[in-house]
1. Is it true that T17 is over 22 Å from the mean Cα position of the chain (by Cα) and modelled with pLDDT of 95 or more?
2. I need the full set of residues from segment 69-127 which are at positive phi and either of a type in the set (G, A, S) or not assigned by TED's automatic domain parsing to the domain that holds R46 (or both), in order please.
3. Identify, by number, the condition in (1) surrounded by 15 or more Cβ atoms within 10 Å (Cβ to Cβ); (2) in contact with a helix residue (DSSP H, G or I) (Cβ under 9 Å, 6 or more places away or on another chain) that Q83 doesn't meet.
4. Looking only at segment 104-115, count how many residues are surrounded by 18 or more Cβ atoms within 10 Å (Cβ to Cβ) and assigned to a loop (DSSP other than H, G, I, E, B).
5. Taking the residues in segment 93-103 that are farther than 15 Å from F59 by Cβ and touching a strand residue (DSSP E or B) at 6+ places or on another chain (Cβ under 8 Å) as candidates, determine which candidate is surrounded by the fewest Cβ atoms within 10 Å (Cβ to Cβ).
6. So, in segment 68-111, of the ones that are among the polar types (S, T, N, Q) and over 14 Å from R42 (Cα atoms), which residue ends up modelled with the lowest pLDDT?
7. Would you call A65 modelled with pLDDT under 95, farther than 20 Å from S119 by Cβ, in the same structural domain as V118 (by TED's automatic domain parsing) and part of a loop (DSSP other than H, G, I, E, B)?
8. Check whether at least one residue in segment 116-133 is surrounded by fewer than 13 Cβ atoms within 10 Å (Cβ to Cβ), among the aliphatic types (A, V, I, L, M) and not in a strand (DSSP E or B), and report yes or no.
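The values are calculated or read from the model by the stated rules, or taken from the named source; none is laboratory data. Source: prediction; values computed, not measured. Here the Cβ is made from the backbone with ideal geometry for all residues, glycine too, and neighbour counts use every protein chain on show.
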Amino acid sequence: MRYNRRVASQVREASATTVSMVFVLFGALLATQGCDAFCANRELDRVRSPDGTRDVIVFDRDCGATTGSSRQVSLLPANDTTQGVGNVVILADASAISARWVDSTTVEITIDSSARIVSEKREYSGVRVIVSR
């Protein structure tokens, strides 16, 4: 009988250790990847700058059923892919949005009049950003 109790105790300890390790690994994943590990970007439009060095990219970012998707804009080196959140404009929902280059150092972002802006920058990496409704 003592043997079975000792074995049962060891099994419980091993199970608790395994569960703890799973939580530690999950926490490490979140720390290194953030919530990005659960999000996906879907590119909607890409416009190359007149000098060919940059792209302005309009995309949907979806982080699962509990958050819904948001429309975002990033300025990146030409042919680069979007990763993470938009670095120029982030809208709270999937409102209409378009982008165009005015010249090689100015981009104009046009958004729906009812769109709620979560984040916007007036300048990014030497490019002036104009947001209009």
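1. In short, no.
2. G84, S125, G126, listed by residue number.
3. Every condition holds for Q83 apart from (1).
4. Of the residues in that region, 1 qualify.
5. Within segment 93-103, the match that is surrounded by the fewest Cβ atoms within 10 Å (Cβ to Cβ) is V102.
6. Among them, the one singled out is S95.
7. So A65 fits the description; yes.
8. no
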